[in-house]
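Structure first, commentary second.
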Amino acid sequence: MKVVIDHKIPYIKEAIEKIADEVIYLPGNAFTSDVVKDADALIVRTRTRCNRELLEGSQVKFIATATIGYDHIDTAYCQEAGITWTNCPGCNAGSVEQYIRSVLLILKEKKGLDLEKSTLGIVGVGHVGSRVKRMAETLGMKVLLNDPPRADQGEEGFVDLSTILRECDVITFHTPLNREGRYATYHLVDEDLLFSLERTPFIINASRGEVVDTASLLAALAAGRVKEAIIDTWEYEPRISRELLEVAFLATPHIAGYSADGKANATRMSLEALCRFFGIEADFSIVPPEGPSDYDPTRDSEWLKAAPENFEWFRGNYPVRRERL
């Protein structure tokens, strides 16, 4: 079995080399049709576009993306070509929870946000949003939840987006990126949404960059409709908006989910899925290294603001961060 792997997927080398006969490690943007044509499986991240251009004529049977998001995979083409794919839902939910908790505590310390008198709106209540809810409640916040797909399935406990816009002091987005359809989230945060805010909230985006229309957010910040922006995921990564970078209160290089624990979970889930697909015994162990669990995203923001051209380098060389136990 031949497997082509993004070379930045951590803690994978020893395990995959027990499983596969041949392994090729490449940068995520270096996957080509020539490289993958005789591969049986790919293990990728968001920088690899798994589409017809890459896959047509190959013998690839299985793709694992070591990420929650999968909009970089052309799922329709995979179905057409008989290629099975999988992602890692919830793998870094604890890491993003840690990031949002740190942000809230910084807003309390530096911006005077009284958490116990504030309302947090969570848009997108999957693995991540559910953990953010529990964490925020332990900080004494009132929490409102918006998740149209779940609400439409008859689940209770959700409010409509207009209620979030009317009542929340902080709004954090944890949706997938859906470009079309009933539950489209592409540019969900647009001019109409931002200029219908009834409070002046803090806006956090740690979901997908394209959920927020950058130009509209800049206009809302300039007009005083948004108090501060905390941005971890960006449109056009890694060519991020320097203007938004400059005015964002915290600006981090898409690392909210980059704890060592989250990375280890994603690697483990990808390998387990590969083993299930090919009928191989999953005889390996993925253990993240020791590291600090006290986390302050100010450090990451300072790095990015000082050298935005190093966006990808910061992600690829991110220091070990453990989640709180």
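The values are calculated or read from the model by the stated rules, or taken from the named source; none is laboratory data. Computed from a predicted structure; not experimentally measured. Note that each Cβ is placed from the backbone with ideal geometry, even for glycine, and that neighbours are counted across all protein chains shown.
Would you call R208 within 15 Å of the chain's Cα centre (by Cα) and either assigned by TED's automatic domain parsing to the domain that holds D192 or free of Cβ contacts under 8 Å to residues at least 24 places away in the same chain (or both)?
Numbers: within 15 Å of the chain's Cα centre (by Cα): yes; either assigned by TED's automatic domain parsing to the domain that holds D192 or free of Cβ contacts under 8 Å to residues at least 24 places away in the same chain (or both): yes.
Yes, satisfied.
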* To do: Might you check whether a residue that is under 17 Å from I19 (Cβ atoms), in contact (Cβ under 8 Å) with a residue 12 or more places away in the chain and of a type in the set (S, T, N, Q) occurs anywhere in region 73-84?
  => yes
* To do: Show the residue pairs that are 6+ apart or on different chains and have beta-carbon atoms under 9 Å apart, the first residue being within region 235-261 and free of Cβ contacts under 8 Å to residues at least 40 places away in the same chain and surrounded by fewer than 21 Cβ atoms within 10 Å (Cβ to Cβ), the second being polar (S, T, N, Q) and assigned to a loop (DSSP other than H, G, I, E, B).
  => E235/S241
* Structure fact -> Given the conditions (1) more than 15 Å from V3 (Cα to Cα); (2) surrounded by 19 or more Cβ atoms within 10 Å (Cβ to Cβ); (3) not assigned by TED's automatic domain parsing to the domain that holds N205; (4) not small (G, A, S), every one holds for R52 apart from (2)
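To keep it simple, each residue is scored yes or no on (1) surrounded by fewer than 19 Cβ atoms within 10 Å (Cβ to Cβ); (2) closer than 26 Å to Y318 by Cβ; (3) in contact with a Phe, Trp or Tyr (Cβ under 7 Å, 6 or more places away or on another chain); (4) among the β-branched types (V, I, T).
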position: I12; (1), (2), (3), (4): no, yes, no, yes
position: I16; (1), (2), (3), (4): no, yes, no, yes
position: D21; (1), (2), (3), (4): yes, no, no, no
position: P27; (1), (2), (3), (4): yes, yes, no, no
position: A41; (1), (2), (3), (4): no, yes, yes, no
position: G57; (1), (2), (3), (4): yes, no, no, no
position: T84; (1), (2), (3), (4): yes, no, yes, yes
* What are the residues in region 30-65 that are in contact with a Leu (Cβ under 9 Å, 6 or more places away or on another chain), among the aliphatic types (A, V, I, L, M) and in a loop (DSSP other than H, G, I, E, B), if any? -> V60
* Checklist (1) touching a helix residue (DSSP H, G or I) at 6+ places or on another chain (Cβ under 9 Å); (2) at pLDDT 95 or above; (3) buried (at least 19 other Cβ atoms within 10 Å of the Cβ) applied to I73, failing item -> (1)
* To do: Within region 116-129, work out how many residues are closer than 19 Å to A256 by Cβ and surrounded by fewer than 21 Cβ atoms within 10 Å (Cβ to Cβ).
  => 2
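Test of understanding: among R52, R47, which residue is at pLDDT 95 or above and not aliphatic (A, V, I, L, M)? Lay out the reasoning, then the answer.
Details: R47 fails: at pLDDT 95 or above.
Selected residue: R52, the only one of R52, R47 that is at pLDDT 95 or above and not aliphatic (A, V, I, L, M).
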